[in-house]
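The block underneath contains the structure these notes are about, expressed in structure tokens.
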Amino acid sequence: MIEFDSQNDFQLENEHAIKVWIESIIQSEGYRVGEILYVFCDDDYLHNINVKFLNHDTLTDIITFDYNLGKQINSEIYISIPRVLENSQNFNTRFKDELNRVIIHGILHLCGYKDETDSEAKEMRHKEDLALAKLK
């Protein structure tokens, strides 16, 4: 089950379509949907999580907690709406497109993709692009 929660006034549009899309990407990667909770929040909320749980004193757009059970995806995914908005402006993309990229980025991490090296980041971006193409 995929759920969305907001710790600010953000409201995700087309929740059902986004859920179906996320499920299809998970299945295409050979995984099953378990319990996935997306929490939309502000910078302070996510920064506190970053410091408390990851010992990182930085701002970020997404934190993904991996609770996978084998091939079943289980996670809490926190997304800072102000970071996504700033990124969309910096990358000259629509907010909605950047948000969808971040939403699926967390899922791809849970499916085993990394982005620590240049080659991993390139593959991650390719997988994001493929996933985004399926949403449109």
**Report entry** Listed residues V51, L130, P82: farthest to the positive end of the dipole of the chain (Cβ charges)
**Finding:** L130
Report summary line: Any residue on another chain or 5+ positions along whose placed amide H is under 5 Å from the amide H of Q7 is listed here as F40, C41
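Suppose every K and R has +1 on its Cβ and every D and E has -1 on its Cβ; what is the size of the dipole of segment 32-98 about the Cα centre, in Debye to the nearest 20? Don't jump to the answer; show the numbers that get you there.
Details: 6 positive and 11 negative charges, 63 e Å.
So the dipole magnitude of segment 32-98 works out to roughly 300 debye.
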Query raised in the report: Looking at segment 2-135, what % of its DSSP beta bridges pair antiparallel, to the nearest 5?
Result: 30
Query raised in the report: Using modelled amide H (1.01 Å from N, peptide plane; none on Pro or chain starts), what sits under 5 Å from the amide H of N68, excluding residues fewer than 5 places away?
Result: N74
Report summary line: With +1 on the Cβ of every Lys and Arg and -1 on the Cβ of every Asp and Glu, the dipole magnitude of the chain about its Cα centre, in debye rounded to the nearest 20, is 520
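Kindly rank 101-113, 22-34 from highest to lowest mean number of other beta carbons found within 10 Å of each residue.
On the way: 101-113: 20.8, 22-34: 16.6.
Peptide ranking by packing, descending: 101-113, 22-34.
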Report task. Any lysines with Cα under 23 Å of the K134 Cα? List them, leaving off those in the same chain fewer than 8 positions away. Result -> K19, K71, K96, K114, K122
Query raised in the report: If you plug each phi of segment 79-94 into the Karplus form 6.51 cos²θ - 1.76 cosθ + 1.60 with θ = phi - 60°, what whole-Hz ³J(HN,Hα) values come out, in order, with x for Gly and Pro?
Result: 10, 7, 5, x, 5, 5, 4, 4, 4, 4, 5, 5, 9, 6, 10, 6
Query - Fluctuation leader among F91, F65, F40 - the chain, Gaussian network, Cα springs under 10 angstrom - result: F91
Query - Karplus-derived HN-Hα couplings along segment 2-11 (A = 6.51, B = -1.76, C = 1.60, θ = phi - 60°), whole Hz, x at Gly and Pro - result: 10, 10, 10, 9, 10, 9, 9, 8, 6, 10
Query - Vicinal HN-Hα couplings computed from phi for segment 119-126 (Karplus, 6.51 cos²θ - 1.76 cosθ + 1.60; Hz; Gly/Pro x) - result: 5, 5, 4, 5, 5, 4, 4, 4
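Bear in mind these aren't lab numbers, they're just calculated from the coordinates by the rules spelled out. The shown structure was predicted, so the numbers you read here are calculated from the model rather than taken from an experiment. All Cβ positions, glycine included, derive from the backbone under ideal geometry; neighbour counts span all protein chains shown.
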